[in-house]
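Working notes for the structure below.
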Amino acid sequence: MKNNFIQRAITGALFVAVLVGCILYSPLSFGILFTIISALSVHEFAHLINKQGEALINRTITALGGAYLFLAIMGFCTAATDARVFLPYLGLLLYLMITELYLKKKNPVGNWAYSMLSQLYVALPFALLNVLAFQNSPETSSVTYNPILPLSIFVFIWLSDTGAYCVGSLIGKHRLFERISPKKSWEGSIGGAVFSIASSFVFAHYFPFMPVWQWAGLAVVVVIFGTWGDLTESLMKRQLGIKDSGTILPGHGGMLDRFDSALMAIPAAVVYLYLLTMIK
């Protein structure tokens, strides 16, 4: 038990240090890190599906698709290229559909569905981090890199998870979603939300490019959709009959285990921030 705790602590500290460091250091380190994370996460998802034997998808092609989608949206958001950058990605999706006509696998519809799900559920949320990180300035017609927005999503998730664990362990009695995740409680979830919303005031103080209420709203959106993201991955693992999605992070499981909340929180944050621009 002690060795496992030490292993989890070391892995967790390194994970946070690498993620925070790469986001803050430069757009290049941000892009490299999440291109790798996208590819590994999609590959892990494909491996889980293939292991069940009901469907068989191309792990290499889908992983490359996830990496390319991230880079394509990054190039588009930074104005380094135009919409034609998405043509190879569309070709890849067509390739995944058409090859099933010739491979004579036992479940082509399942292969199609899971291949597309790997891109929609895993690859797209990571790619949307670029929408948060790069902002166009109409006044100067330039693109600026703002690492604080993508970083805030992960900070809100981490504080929500930490707060939920601490509060839930102390006073958690009412199950949040017992059918899928028996250990989660309403008390813990509310406690985690309080932690995240409190941190939003800190972000508003040091990074006032958004007013306090918008920061607080972003924290609420991330907590709600992050919880659903966590439950979604728990449901997937329950159906697949596994405990962890992988072993790449000692003591913490796989990539999907670490980013499950973000897979829903990131798209929700993008929608929220776009809605704010519409009501200004």
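The values are calculated or read from the model by the stated rules, or taken from the named source; none is laboratory data. Worth saying up front: this structure is predicted, and the values here are computed from it rather than measured. Don't worry about glycine lacking a Cβ; one is built from the backbone with ideal geometry, like all the others, and counts go over all protein chains shown. Keep in mind that these areas ignore ligands, DNA and RNA; they rest on the heavy atoms of the full protein, side chains included. Shrake-Rupley method; radii C 1.70, N 1.55, O 1.52, S 1.80 Å.
Conditions (1) in contact with a Cys (Cβ under 7 Å, 6 or more places away or on another chain); (2) in a helix (DSSP H, G or I); (3) at pLDDT 95 or above, marked per residue:
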| position | (1), (2), (3) |
| --- | --- |
| Val16 | no, yes, no |
| Gly21 | no, yes, yes |
| Phe34 | no, yes, yes |
| Ser38 | no, yes, yes |
| Thr81 | no, no, no |
| Pro88 | no, yes, yes |
Exercise for review: Starting from residues that are part of a loop (DSSP other than H, G, I, E, B) and within 16 Å of Ile180 (Cβ to Cβ), keep the ones in the stretch 198-243 and report whichever is least open to solvent (accessible area, probe 1.4 Å).
Suggested key: Ile242
Practice item. Could you grab me the full set of residues in the stretch 244-273 that are assigned to a loop (DSSP other than H, G, I, E, B) and either in contact with a Gly (Cβ under 6 Å, 6 or more places away or on another chain) or modelled with pLDDT of 85 or more (or both)? Key: Asp244, Ser245, Gly246, Ile248, Gly254, Asp260, Ser261
Review point. (1) over 21 Å from the mean Cα position of the chain (by Cα); (2) within 17 Å of Trp158 (Cα to Cα); (3) among the β-branched types (Val, Ile, Thr): which one isn't true of Val221, the others all being true?
Key: (1)
Check your understanding: Only one of (1) within 25 Å of the chain's Cα centre (by Cα); (2) open to solvent by 50 Å² or more (accessible area, probe 1.4 Å) is not met by Tyr89, so which one is it?
Key -> (2)
Check your understanding: What strands (runs of 3 or more DSSP E) completely inside the stretch 118-188 contain at least 2 residues that are open to solvent by 60 Å² or more (accessible area, probe 1.4 Å)?
Key -> 175-177, 181-185
Point to revise | Count of residues meeting criterion [out of contact with any Pro (no Cβ under 7 Å at 6 or more places or on another chain) and either within 28 Å of Thr62 (Cα to Cα) or modelled with pLDDT of 80 or more (or both)] in the stretch 1-14 | key: 4
Point to revise | Output for the stretch 100-109, where each listed residue is surrounded by fewer than 16 Cβ atoms within 10 Å (Cβ to Cβ) and assigned to a helix (DSSP H, G or I) | key: Leu101, Tyr102, Leu103, Val109
Exercise for review: Output the residue which, of all residues in the stretch 250-280 that are of a type in the set (Val, Ile, Thr) and more than 13 Å from Gly226 (Cβ to Cβ), is least open to solvent (accessible area, probe 1.4 Å).
Suggested key: Val270
Review point. Among (1) touching a residue at least 12 places away in the same chain (Cβ under 8 Å); (2) open to solvent by 50 Å² or more (accessible area, probe 1.4 Å); (3) not β-branched (Val, Ile, Thr), which single condition is Leu48 missing?
Key: (2)
Point to revise | Subset of the stretch 54-73 that is open to solvent by 30 Å² or more (accessible area, probe 1.4 Å) and not basic (Lys, Arg) - its residue that is farthest from Leu40 (Cα to Cα) | key: Glu54
Study note, to complete from the structure: Checking Ile23, Ile36, Ile57, Ile61 in turn, the sole residue that is touching a helix residue (DSSP H, G or I) at 6+ places or on another chain (Cβ under 7 Å), among the β-branched types (Val, Ile, Thr), in contact (Cβ under 8 Å) with a residue 12 or more places away in the chain and within 29 Å of Tyr145 (Cα to Cα) turns out to be Ile23
Revision key, fill the gap. Taking the stretch 77-86 and keeping only residues that are touching a residue at least 12 places away in the same chain (Cβ under 8 Å) and either surrounded by fewer than 16 Cβ atoms within 10 Å (Cβ to Cβ) or among the aromatic types (Phe, Trp, Tyr) (or both), one is left with Ala79, Phe86
Check your understanding: Would it be correct to say that Ser137 is on the phi > 0 side of the Ramachandran plot, modelled with pLDDT under 95 and of a type in the set (Gly, Ala, Ser)?
Key -> no
Exercise for review: Working carefully through the options Ile49, Ile10, find the one that is in a helix (DSSP H, G or I) and out of contact with any Leu (no Cβ under 9 Å at 6 or more places or on another chain).
Suggested key: Ile10
